[in-house]
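Before any comments, here is the structure.
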Amino acid sequence: MSGMSGTGDTGTGEDVTIVHLMRHGEVHNPDGILYGRRAGYHLSELGRQMADRVAEHLAGRDVTYVVASPLERAQETAAPIAKTHGLDPATDERLIEAANVFEGKTFGVGDGALRKPGNWRHLTNPFRPSWGEPYIDQVVRMMGALNAARDAARGHEAVCVSHQLPIWIVRSFIERRRLWHDPRRRQCTLASLTTFTYHGDKIVSVGYSEPARDLVPAHLLAGAKPVKGKSKAFGA
């Protein structure tokens, strides 16, 4: 499914509602820590520029509801979007980052937590996965958050600011792809918008856009080759 449609009415009595699921902007993380759900990680200056760019991109849209994960980087990304539309951003715990046993560790190529044999036991099952929150649990909570945003903005548009993995997992579920995957193949760049169009309560299309693509560091773009000391996981 792809593309966007306008909000309003389908002509059949069903409301058309658009929910944009946005990934937060770049985070200040000079030590390359997989920060996960840890508090204290804020947007970098570049990340703030990304948030402002998306706010400008959505300025002309019919946004009536803005909600974010409770983590600082998501809250700071949501702020300029909410301000542009004269809204107070809400918080939904269901939009939070996925739990991960490697949280607080470095995870670079050749120089991170995977060099330690003691951590290999966490990698036994990529289908669940064994190193973190089960994919199906992410689907359940993210679908709940999406549907709550749909209801809050029914007939209009909503913006939900979340994190890369849960965004990709719920999109994969909706598009009927397997949930286990190669992280390098996720189409979910920093400050990107994964857009769900509802007719009534049913999702009828999924779109994807990158309003701040020119601001995203090359090694964090989808399909980029890993760079030693730098990992896509850092900006999740």
Next on the checklist: What FRET efficiency comes out for Glu14 versus Glu56 if R0 is 30 angstrom and r is the Cβ-Cβ distance? Round to the nearest 0.05.
Outcome noted: 0.45
Next on the checklist: Using 10 Å bins from zero, what percent of all Cα-Cα pairs in the stretch 125-186 falls into each bin?
Outcome noted: 20, 51, 23, 6, 0
Checklist entry - Considering amide H positions built from the backbone, and no H for Pro or chain starts, which residues 5 or more places from Thr91, or on another chain, come under 5 Å of its amide H? => result Ala68
Checklist outcome for this item: Rounded to the nearest 0.05, FRET efficiency between Glu93 and His219 (Cβ-Cβ, R0 22 Å) equals 0.10
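Since every read-out is calculated from the coordinates, none of them should be taken as a lab result. This one's a predicted model, so the numbers in the text were calculated from it and none came from an experiment. Here the Cβ is made from the backbone with ideal geometry for all residues, glycine too, and neighbour counts use every protein chain on show.
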